[in-house]
Amino acid sequence: QVQLVESGGGLVQAGDSLRLSCAASGRTSSNMGWFRQAPGKEREFVAAIKWSGGGTAYADSAKGRFTISRDNAKSTVYLQMSSLKPEDTAVYYCAAGPPVPTPSPRGDSYNYWGQGTQVTVSS
């Protein structure tokens with residue numbers, strides 16, 4: 001069992017930066033992912049990171065602007081977001097899944113989900 005708690009969301013202006021955190025408890029030897037869901041849209045992949053070894057994956061929309069990282073000593077995963085755009089507005093969810101060799105962009109690859117944190121980017 002894994003419990004995930006996201007934090008760090010908020011209201012920012014376009015061009016600003018924001019760092020999301022996801023604190024994990026329980027079985028934390030997991031690959032971790034960030035997903036987001038905007039109103040009226042389906043959940044979409046943002047970024048993922050391996051349990052160890054530093055392997056990462058990004059959605060095209062996140063490449064060059066977002067960075068996923070993790071501190072296993074703190075059981076915490078981060079999503080550093082920069083150059084934010086209004087279209088980044090969404091509820092951001094953290095997810096945990098089995099420590100497979102390649103971090104997956106598929107939501108069904110993750111077994112545990114946090115409650116989400118709202119990110120709103122104003123123009």
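Being surrounded by fewer than 17 Cβ atoms within 10 Å (Cβ to Cβ) and either within 21 Å of GLN118 (Cα to Cα) or basic (Lys, Arg) (or both) is a description that applies to LYS74. The lone criterion from (1) more than 12 Å from the chain's Cα centre (by Cα); (2) open to solvent by 20 Å² or more (accessible area, probe 1.4 Å); (3) closer than 21 Å to ASP16 by Cα; (4) touching a residue at least 60 places away in the same chain (Cβ under 8 Å) left unmet by TYR112 is number (3).
Screening PHE66 on (1) in contact with a strand residue (DSSP E or B) (Cβ under 8 Å, 6 or more places away or on another chain); (2) over 16 Å from ALA95 (Cα atoms); (3) open to solvent by 20 Å² or more (accessible area, probe 1.4 Å); (4) hydrophobic (A, V, I, L, M, F, W, C) shows it passes everything except condition (3).
Could you list, in sequence order, the residues of the stretch 57-78 that are touching a Cys at 6+ places or on another chain (Cβ under 8 Å) and among the hydrophobic types (A, V, I, L, M, F, W, C)?
Result: VAL77, single match.
If the condition is being open to solvent by 40 Å² or more (accessible area, probe 1.4 Å) and assigned to a loop (DSSP other than H, G, I, E, B), then the stretch 1-28 contributes GLN1, ALA14, GLY15, ASP16, SER17, ARG27.
Might you let me know whether the stretch 33-55 holds any residue that is polar (S, T, N, Q), in a strand (DSSP E or B) and more than 12 Å from VAL119 (Cα to Cα)? So that I can check it myself, show each step before the final result.
Step one: list which residues in the stretch 33-55 are polar (S, T, N, Q), which gives 37, 52.
Narrowing further to those that are in a strand (DSSP E or B): 37.
Add one more test, that the residue is more than 12 Å from VAL119 (Cα to Cα), and what stays is none.
There is no residue in the stretch 33-55 that is polar (S, T, N, Q), in a strand (DSSP E or B) and more than 12 Å from VAL119 (Cα to Cα).
The values are calculated or read from the model by the stated rules, or taken from the named source; none is laboratory data. All values reported here derive from a predicted model rather than from experimental measurement. Cβ sites come from the backbone with ideal geometry, for glycine too, and all protein chains shown count toward neighbours. Remember, those area values only see protein heavy atoms, side chains included, never the ligands or the DNA or RNA. Shrake-Rupley method; radii C 1.70, N 1.55, O 1.52, S 1.80 Å.
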